[in-house]
Structure formats: structure tokens, C-alpha cells
1. How big is Rg to Rh over the stretch 169-235, alpha-carbon atoms, Rh as the Kirkwood inverse-mean-distance radius?
2. Scan around residue 128 for amide H atoms under 5 Å from its own, H built in the peptide plane at 1.01 Å from N, and keep only partners 5 or more places away or cross-chain.
3. Given +1 on the Cβ of Lys and Arg, -1 on the Cβ of Asp and Glu, and no further charges, what dipole in debye does the chain carry about its Cα centre, rounded to the nearest 20?
4. Within the set 35/115; 207/249; 115/207; 115/140; 179/229, which residue pairs have Cα atoms separated by over 26 Å?
5. Of the heavy-atom accessible surface of the stretch 117-265 (probe 1.4 angstrom), what whole percent is carbon and sulfur?
6. Please work out whether the stretch 55-179 counts as rounded, prolate or oblate from its C-alpha gyration tensor, where a ≥ b ≥ c are the square roots of the eigenvalues and a/c under 1.5 means rounded, while otherwise a/b larger than b/c means prolate and anything else oblate?
7. How far is helix 310-336 tilted, in degrees, relative to the longest principal axis of the Cα atoms in the chain, given as a value from 0 to 90 rounded to the nearest 10?
8. Taking Cα extents along the principal axes in Å straight from the coordinates, which label in (1) 71, 53, 42; (2) 83, 50, 47; (3) 79, 47, 38 is the correct one?
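The values are calculated or read from the model by the stated rules, or taken from the named source; none is laboratory data. These numbers were taken from a predicted model, which means no experiment stands behind them. All Cβ positions, glycine included, derive from the backbone under ideal geometry; neighbour counts span all protein chains shown. Ligands, DNA and RNA are stripped out before the accessible areas are found, and what is left, the full protein with its side chains, is counted by its heavy atoms. Shrake-Rupley method; radii C 1.70, N 1.55, O 1.52, S 1.80 Å.
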Amino acid sequence: MFSPNPFKKSRIRNLQRFLTLPQLSIKLLWFPLIKYWIRQIETGATLNRQQRRHLQKLKSQHSGFWIVAIDRTQWKHRNVFMASLMWGTHALPLYCEEVGHQGNSDLACQKRLIKQVLRLFKSKQYPVLILGDREFHSPKLADWLESRGVSFCLRQRKSLHFKLPNTSDYAIIGNQGFKPGQSEFYTRVWCNKEDDIGPMNLAVYWKRKYRGKGAKEPWYILTNLPTLKQTLAIYRCRWGIEQMFKDMKTSGYNLENTRVIEARFFALLLLIMMAYTLATLYGQRLRDGSVDGYAARIQEYINEPPRTSDFRVGLYGYAWIFSMRLWADWVVPLLALKPHKRLYFQRGFEALSLMRQAL
């Protein structure tokens with residue numbers, strides 16, 4: 001008859017007690033670290049020349065904004081609001097909170113949650129831009145962000161009512177007859193018949209179809225940015241948060257399969273947020289050092305986006321370091337059996353040394 005291992009049960013109980021510690025709080029533990037990191041990035045303190053150049057490149061890609069994408073996701077029966085910082089082509093988690101009810105969040109809930117995120121930035125010194133999908137379509141939310149000096153790109157529904165300058169009648173944006181391949185940028189428009197909110201800018205973009213395939217409807221983006229090109233370039237950054245959800249739920253940390261109770265769920269999610277951020281930043285450093293090919297054994301194609309994300313490259317780098325530390329006593333004698341491969345082994349050890357330096 002099988003008897004369970006008592007040590008395994010004791011470890012589980014220790015982990016359960018650890019996840020109920022009151023210190024495992026986003027505001028107490030994660031916010032101070034994020035504020036310190038943002039201040040280091042803005043001031044450039046303790047950064048070398050290569051790091052400063054990399055950060056300057058990221059800032060130029062994002063037009064100098066700290067871009068924050070907001071979204072809501074479902075983890076089984078938990079309805080969770082998530083705010084993430086766009087960093088390169090990836091999203092780094094900043095804040096999460098349970099909405100408290102099923103379905104979409106309302107305007108009051110959205111304001112309350114965004115306030116928590118804006119506290120991380122000194123918005124007058126560090127310009128912030130909020131990205132939102134169609135759940136955050138309310139022109140009232142855009143007007144509230146405008147009053148706080150925050151830039152925004154909020155995707156709208158096709159039922160949006162808007163009014164052009166020097167006109168008195170409102171029109172529905174979805175009835176303007178746009179076709180694939182067309183784009184338009186309306187300046188100083190007014191939204192909502194009842195409230196007359198504005199003036200703001202409204203970008204419309206419908207990607208051209210290729211071989212009969214393409215988007216079913218255009219993007220309608222309410223923004224206070226000055227040009228269509230800048231609006232589209234920044235809104236495309238939002239897809240990093242979808243990749244982050246995938247990495248957390250299924251393809252990375254498999255949070256979807258956990259069976260923790262409510263009291264431990266957000267403590268576990270906080271640890272995953274920290275681990276995901278560290279792995280992604282580590283993967284970016286490996287790419288900058290041109291060690292990602294060794295760490296991930298990837299084969300990229302010219303003029304194609306990377307098939308392996310920075311997060312995955314970071315996990316491969318950790319696996320290299322920890323496995324070598326664990327199996328070093330076995331690896332060295334095995335390498336001695338292949339003296340004609342010594343040069344290749346040396347390259348591997350040099351790559352491993354660079355991976356350790358990037359930690």
C-alpha cells in the first residue's frame with residue numbers, strides 16, 4: 001500500500017503558510033521596487049553606456065512615454081484587472097486587482113484602479129500614456145485622463161457618436177463607410193450626444209486584406225496624440241499584454257492550473273509577476289549580448305519577428321545556469337571523453353560565463 005511522503009506534506013503546508021503572509025502585498029512589496037526601478041531608468045544612475053543606449057532606443061520607440069496597457073482577464077472564476085508597462089515588445093506587470101463582479105468593469109472601477117497605477121509615476125516629470133481596448137471605450141474615461149494630464153489611446157466601439165468641428169449633428173463612426181486599406185484621422189472631435197465631451201482626436205485604421213484574409217472591422221481609437229502614425233505605432237504595443245497573459249496562464253507558469261484558495265491566489269500572482277519581470281529583463285540582456293542563440297538554441301529567419309520571446313529566452317538562460325550548477329560534477333568528466341570537441345565546449349563555457357554576467 002502506498003503511503004504519502006510526510007516531508008512532501010510538510011513542504012506543502014510551509015508553502016501554504018508562506019502564501020498567507022501579510023507582507024506578500026503588491027502595494028507593500030512590489031510598488032517600492034517599481035518606483036525605484038523607474039527612478040533609476042529616468043535618472044540613468046548606476047547604468048553603463050550600453051544600458052543607457054538600450055534605454056534610449058526603447059524611449060524613442062515609445063515616443064518618450066511610459067506606456068501602460070490596461071486590460072481585464074479571467075482566471076477560472078476570478079475576474080482580474082491587470083495593468084502592465086510596455087517594455088520593448090513585451091509587457092511587464094505593474095498592478096492587479098480583482099474586479100469584484102463578473103463581466104466588464106464600470107467607469108468608477110476603472111478610475112479607481114488606474115489611480116493606483118498612476119501613483120507609480122510622477123506624471124508631470126514622467127509622461128504616462130494609457131492604452132485600453134474596447135472595454136475602456138468610454139469618452140468620460142478619456143476626459144478624466146485628459147484632466148489629469150495623462151495621454152491615452154482607447155479603442156472605441158463602432159457605435160461611438162462623434163461630431164466634427166463646425167458641425168451640429170452627431171454621426172456614428174461605424175456608418176462612415178470605411179473599407180479595408182483605408183485610414184482617417186479626425187482632429188478636435190466631440191463625443192457622446194448627451195455629454196458633449198471633447199475636443200479629442202479620433203483615429204480610424206483598417207488593415208488591408210492579404211489573400212482574402214484580414215481584420216473584420218477597423219480600429220477606432222480615441223486619443224489626444226497629434227498624428228495618425230504615432231497613434232497606430234503606440235497602439236500596436238498593446239499586444240504585449242496578451243502575450244504576457246499567455247505566458248502566465250498556460251505556456252509559462254501555468255497559473256491556470258493552480259488550485260489555491262482566494263487568500264493565497266494574489267500572493268502567488270505577485271510572485272509570478274516578479275518572476276516574469278526578472279525573466280523578461282534577463283532575456284533582453286541576453287539578446288543584447290548576442291547570447292540568446294546559445295541560451296535558447298533558436299533559429300531565426302531574416303526579416304521575420306523573433307519566434308522565441310525574451311521571457312522564454314530568459315527562462316532558458318536560467319535553466320543553463322542552474323543545470324550546470326547542479327550537474328557540474330557529472331558534466332566535466334563527460335566532456336573529457338570527447339577531446340576533439342574541446343573548442344565547441346569552450347564556446348559553450350564562454351556563453352555560460354556571459355549568461356552569468358547578465359544576471
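1. Working: Rg = 13.0 Å, Rh = 12.9 Å.
Across the stretch 169-235, the Cα-based Rg/Rh ratio is 1.01.
2. Those lying under 5 Å, H to H, from residue 128 are 66, 151.
3. Values: 56 positive and 26 negative charges, 178 e Å.
The dipole of the chain has a size of about 860 debye.
4. Working: 35/115 15 Å; 207/249 29 Å; 115/207 34 Å; 115/140 15 Å; 179/229 19 Å.
From the list (35/115; 207/249; 115/207; 115/140; 179/229), the Cα-Cα distance tops 26 Å for 207/249; 115/207.
5. Numbers: 3710 of 8030 Å².
Using a 1.4 Å probe with all protein chains present, the stretch 117-265 comes out at 46 percent carbon and sulfur.
6. Details: a/c = 1.77, a/b = 1.24, b/c = 1.43.
Cα axes put the stretch 55-179 in the oblate bin.
7. 10 degrees
8. After the calculation, the listed value that fits is (2).
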